[in-house]
Amino acid sequence: MFRHFTRTYATYKRFNNTTKSVNYYNLLHSRKTLYVGGGLIGFYIYNLHEAPYTHRRRFIWVPFWLGEKIGDYTYKQIMYQYGSQILPHSNPLYSKVSNVMNKLLQVSLNSEETHQKQFLKNLNWEINIINNDSLPPNAFILPNGKIFIFSSILRICQNDDGLATVLSHELSHQLAQHSNEQLSSQPIYMALSTILYTLTGVSWFNDLLINGVLTMPASREMESEADHIGCEILARACFDPKQSIYFWQRMNQAEKRLGGEANARLEWFSSHPATSRRIADIESWMPKLEQIKADSNCHSFYQFDEFHRNFFKRT
Ligand SMILES: [Zn+2]
């Protein structure tokens with residue numbers, strides 16, 4: 001439409017267009033862009049935190065308090081759904097689970113490796129056993145310290161060491177801030193997805209690409225890290241690390257038994273490495289785990305400074 005304007009105006013527009021492209025070029029090389037780019041890199045570097053025990057460096061900008069708030073919100077939703085199926089604290093299973101969990105908390109929250117110990121110690125820790133054997137075997141800990149364990153996984157645990165395997169794995173997700181790590185990556189994935197969509201015009205392919213290349217491997221890495229940290233904690237807490245292998249073998253059997261259609265419902269497995277891989281990893285860590293247990297002075301375990309603190313005393 002600018003063709004209809006006078007030559008003078010067209011010349012002005014052309015000049016203006018040139019200015020615009022120069023501006024665009026300038027934008028990429030302007031101080032402002034440098035400041036924003038530098039700021040983003042600075043923000044990224046400032047928010048690189050080491051995971052406990054494994055010392056893996058990862059980007060986490062979501063603070064503990066925000067994770068805790070999200071945990072509070074999720075807690076309400078879960079209680080709304082399963083609140084009526086939670087075992088009373090008078091049930092012997094409750095004391096069994098809380099005894100094991102208490103040992104794991106004592107050891108991990110007194111460890112030099114654990115970050116933000118005061119925050120974790122101040123959390124209102126709570127155990128909820130969901131009594132419903134028809135649910136898939138599952139357990140999880142919310143970032144606000146609320147622990148959920150399904151009765152269906154307790155059958156597979158069989159003993160305190162098996163229980164310690166599950167609980168230490170879930171506690172490790174919490175100690176390593178895996179949920180905050182996942183939340184921290186979400187804006188990056190969304191930005192990447194938008195950029196890819198602008199370039200390709202296809203959304204399903206981007207989702208598949210981002211999921212396959214970034215989300216799932218990151219999730220499997222966190223799973224493996226939780227196994228690693230969990231096994232170290234349970235060995236320090238004087239549980240038998242060899243029993244972790246037996247637990248995963250039983251889990252493998254349960255996985256096969258539940259099979260096909262049920263497998264899709266097994267949330268605990270969805271982003272997890274293959275169970276046989278877990279077993280092989282734990283077997284490869286065994287000499288170190290046995291050494292940790294031997295160094296933990298297990299016969300005088302009750303001499304731990306804070307051992308007598310009961311995280312679940314509000315019962
Ligand atoms: Zn996990």
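The values are calculated or read from the model by the stated rules, or taken from the named source; none is laboratory data. It should be emphasised that the depicted structure is a prediction, and the values quoted were computed from it without experimental measurement. Virtual Cβ from ideal backbone geometry, glycine too; neighbours counted across all protein chains shown. The protein model used for the area step is the full one, side chains on, heavy atoms only, and it has no ligands, DNA or RNA in it. Shrake-Rupley method; radii C 1.70, N 1.55, O 1.52, S 1.80 Å.
Table for the structure above
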| read-out | value |
| --- | --- |
| Extension gain (nm, one decimal) between N132 and L93, 0.36 nm per residue minus Cα-Cα | 12.7 nm |
| Loop-located GluC sites (Glu not before Pro) in segment 50-135 whose Cβ has at most 12 other Cβ within 10 Å (DSSP) | E112 |
| Eligible lysines near K32 by straight Cα distance, threshold 28 Å, same-chain separation 8 or greater | K13, K20 |
| Virtual spin-label span in nm between Q253 and L214, 7 Å along Cα→Cβ | 4.2 nm |
| Antiparallel bridge percentage (DSSP; both residues within segment 64-303; nearest 5) | 45 percent |
| For M79, solvent-accessible area (1.4 Å; no DNA, RNA or ligand), Å² | 60 Å² |
| Separation of the T33 and N297 label points, Cα + 7 Å toward Cβ, nm | 6.1 nm |
| Lysines whose Cα lies under 22 Å from that of K96, excluding same-chain neighbours fewer than 8 positions away | K121, K146, K242, K293, K313 |
| Reachable aspartates and glutamates, given that their alpha-carbon falls under 19 Å from the alpha-carbon of K76 and they are not under 8 places away in the same chain | E68, E126 |
| Global form of segment 88-145, assessed from the alpha-carbon gyration tensor, a/c cut-off 1.5 | prolate |
| Radius 13 Å from Cβ of R250, net charge of other residues (Lys, Arg +1; Asp, Glu -1) | +2 |
| Antiparallel DSSP beta bridges within segment 96-169, percent to nearest 5 | 40 percent |
| Simple spin-label estimate for Q158 and W65 in nanometres, 7 Å along Cα-Cβ | 4.7 nm |
